[in-house]
1. Among the residues of segment B:455-474, which ones are within 16 Å of ligand 2 (Cβ to nearest atom) and either of a type in the set (V, I, T) or over 25 Å from B:V49 (Cβ atoms) (or both)?
2. Restricting attention to strands (runs of 3 or more DSSP E) lying wholly within segment A:15-100, give those where 1 or more residues are touching a Phe, Trp or Tyr at 6+ places or on another chain (Cβ under 7 Å).
3. Going through segment B:419-472 one residue at a time, which ones are farther than 20 Å from B:Q78 by Cα and small (G, A, S)?
4. Could you identify the single residue in A:R32, A:R40 that is within 12 Å of another protein chain (Cβ to nearest Cβ) and crowded, with 19+ Cβ neighbours inside 10 Å?
5. Output the residues belonging to segment B:294-334 that are among the hydrophobic types (A, V, I, L, M, F, W, C), crowded, with 22+ Cβ neighbours inside 10 Å and within 14 Å of chain A (Cβ to nearest Cβ).
6. Just checking, which of B:L533, B:L479, B:L499 is within 27 Å of B:G442 (Cα to Cα) and more than 16 Å from ligand 2 (Cβ to nearest atom)?
7. Please work out if B:L441 is more than 13 Å from ligand 1 (Cβ to nearest atom), touching a helix residue (DSSP H, G or I) at 6+ places or on another chain (Cβ under 7 Å), over 19 Å from B:Y571 (Cβ atoms) and aliphatic (A, V, I, L, M).
8. Could you tell me whether B:P596 is modelled with pLDDT under 80, in contact with a helix residue (DSSP H, G or I) (Cβ under 9 Å, 6 or more places away or on another chain) and assigned to a loop (DSSP other than H, G, I, E, B)?
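The values are calculated or read from the model by the stated rules, or taken from the named source; none is laboratory data. Bear in mind the structure is a predicted one, so any value in this text is a computation, not a measurement. All Cβ positions, even for glycine, are placed from backbone atoms using ideal geometry, and neighbour counts span all protein chains on display.
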Amino acid sequence: MTGIDDVAASTEGDDRRTFVVHVEDRPGVLDRVASLFRRRAHNIDSLHVGPTHEDGVSRMTIECRADASQAKRLEANLYKLVPVLRVDDVTTLERVQRVLALIKVAVGQARRPEVLQLLEVFGARAVDVGPEMLVIEMTGRPSQVKQLAGVLEPYGIVELAQTGAVAMTRSVEKPELGRGKAA
Amino acid sequence: MLHADVSPATGPAAASPGRAPRPLSDVGTVLSGAALIWEALVREGVDVVFGYPGGAIMPAYDAMARYPVHHVLTRHEQGASHMADGYARASGRVGVCIATSGPGATNLVTGIATAMLDSVPMVCITGQVPSALLGTDAFQETDITGVTLPITKQNYLVTRAEDVVPTLREAFYVARSGRPGPVVVDICKDAQQGKAPLAWDDEPICLPGYRPEHEPLPADLEEAVRMIEAAEKPLILAGHGIIEGDATAQLLKLVEVTDIPVSQTLLGLGGFPGTHPKSLGMMGMHGEAWVNQAIQEADLLLALGMRFDDRVTGRLATYAPKAKKIHVELDPAEIDKNVKVDLPIVGDVRDVLNRLLPALTPHTRRAWWDALDAMRGDSAVRDIVSLPDEGHLYAAHVIHDLYRFTGGDALVVSDVGQHQMWEAQYYKHDTPRSLLTSGGLGTMGFALPAAMGARFACPDAEVWVVVGDGGFQMTACELSTCAQEGLELKVAIINNGYLGMVRQWQEMFYGGRYVATPMASPDFVKLAEAHGLTGLRATTRDEVKDVVAKARATRGTVVIDFRVEQEDNVYPMVPSGADLADMIQRPHQKGGAHNPIFETGADEE
Ligand SMILES: Cc1ncc(C[n+]2csc(CCOP(=O)(O)OP(=O)(O)O)c2C)c(N)n1
Ligand SMILES: [Mg+2]
């Protein structure tokens, strides 16, 4: 799925925030980042951490709720953490923001074609098939995952796993890590 | 008491007992992790550490004896952390404390939090259970990096001998650079016992995400100059950053050129001379009324290295409504945190002032100064020495006399409570680092141990502790350490029989119900004597001079029990969360009984 219509930019009045944080891959980093939100009583709605193409650099996507001034505080305080390389509040930027979901449904051979057809509509696919079950992979916005789950519910969802969102802006500039950007 | 055949060590230079000190090893020498700790510390310039041994840190202690580092055995690890803090505040260098795992480490926590809130550079070394036992609830295992995560600038868990030296180097660098702060290095016992080659180079440490320094933008500096030149009622708010950033000379020059009055935060006292004619005094909750009034009247606030703490601003909505605000601050996270400012300048305050000074033109501000003098008028705390002696002993008198009899030259370490505010009001500090106090955390029990640390940092200073009867008893066990170390320290206990500051709030805001604030104390004179120290007492004003003189003439640690008026209040006062303009003034005396703490301009003679 590509194209401008997938790019979400939050608007004024909406207090959902998305931060992209590049960090050094060191023990305790996640703890420090999470603690910073916890002590200010901000719930983290979703969190994703994973490696990047650069050695020793991890990338986090954090979704939380904060008004503009709280978001500024969070950004400035994230920058204060020694292992944090770069912080971007991408909330108002055009970007692609996706989650990955794995959904196991209890369908045997009989109803399988029916389900596979449904998946096509959602741009999802089956990644594992057994005599009694189907594991479905879906990438999209959380709302799309929710829709798919709704449709699959009657077939019997055994398990649903969903990652935190990963976000990427449309900017062609390579994010400069480290001393590049002052808060 | 010490046995007669063990002479107490007398200062940082005194070598530890036991084996002869050995010179530092060459790079590449294979050493135990324990020895590597001291190789790193000595190279970082450490000559004194404050601590308390125990199982998980024993290898480090055993190795210590061979190094030229004086260890001060405290009576509680909280004392060790405050001593390291006091050492750092007094010297500007990194203070070091050391403790064992579990309870030893958790006892450091209050001292670490105290240092964190006041930006004090400190490295705290703790022993940890062997790495294989981490997470097993082993004997004396506490996850101290987890516990201290929100109260340290950074912390580290070391599991291998080869990581000891690089981690400690990084810890010292992080602690002292940028906005300073405490760093915990938790070292597993097997990392101390294991061996590794000594690695050391003097290359600068590079941490890719760490930004201790910030360059002010030229356009912002130009804008600051324009705002200063245009202001008619400007006011400087000088904070702890002036002291930490060593910017006193620049601030003096700034005031000389621009004729802008200076007010200080509690931690900023001493950063600008308190007796300077352009010094207005302290701002905030117990700041001088005219300072707070000046803030409300000003058309420009030039905030230098301060963070608009809630004790300084009162109610934010009504704070300095007429003023444009310039905020010079090293930590970007402080910008717009409490007070929204018109011009933030992120950078080192000394560097920023150095860049601003050449661009400023000389000013005199007669009208503004006349207005300020009028505000000062009859609410001024003038020289209270000329007040009649009615036999009562007021804390303010004690502090004021202390100021006079020490010539204002003492290094004063105050604790937390009413006496702390009286100290700030009546002892004028003319030099940086001559007042140490726990401002941000307000930690009772800080003063005595912090003063002991300060004494090691400044062996020639006349060090006075100003402490309440309550706070003194929180860390009074360190008197025993004073005796063992033979420390020169004078302790003024402002003994009012109450947790005075809490009692004052109860009197003012809780219907006068004194719940859990009357406090019985031991005989402090006998307590001092029990430690082999000198104890003195004063109960009337005319005794103050003699006991202060006697204390100054007596060697060693002297404890003075000043039996002051019990239900005395600190004025003026901005109630918590109220407008700065709504200060509670000193009670008026019109026709009523004479209150020596109420002064008018007429008291000045
Ligand atoms: C460790 C700690 N516990 C409690 C407090 C709350 N507190 C602030 S001032 C104060 C009273 C201090 O009494 P004292 O040491 O006798 O000093 P005084 O106010 O009487 O001068 C208390 C309990 C504190 N600041 N620190
Ligand atoms: Mg008291």
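1. Those that are within 16 Å of ligand 2 (Cβ to nearest atom) and either of a type in the set (V, I, T) or over 25 Å from B:V49 (Cβ atoms) (or both): B:V465, B:V466, B:V467, B:G468, B:D469, B:G470, B:Q473.
2. In segment A:15-100, A:44-51, A:57-65, A:84-89 are the strands (runs of 3 or more DSSP E) which contain 1 or more residues that are touching a Phe, Trp or Tyr at 6+ places or on another chain (Cβ under 7 Å).
3. If the condition is that a residue be farther than 20 Å from B:Q78 by Cα and small (G, A, S), then B:A424, B:S434, B:A461 are the ones that fit.
4. Of A:R32, A:R40, the one residue that is within 12 Å of another protein chain (Cβ to nearest Cβ) and crowded, with 19+ Cβ neighbours inside 10 Å is A:R32.
5. B:F308, B:L330
6. Going through B:L533, B:L479, B:L499 in turn, the sole match is B:L479.
7. So B:L441 fails the test.
8. Yes, satisfied.
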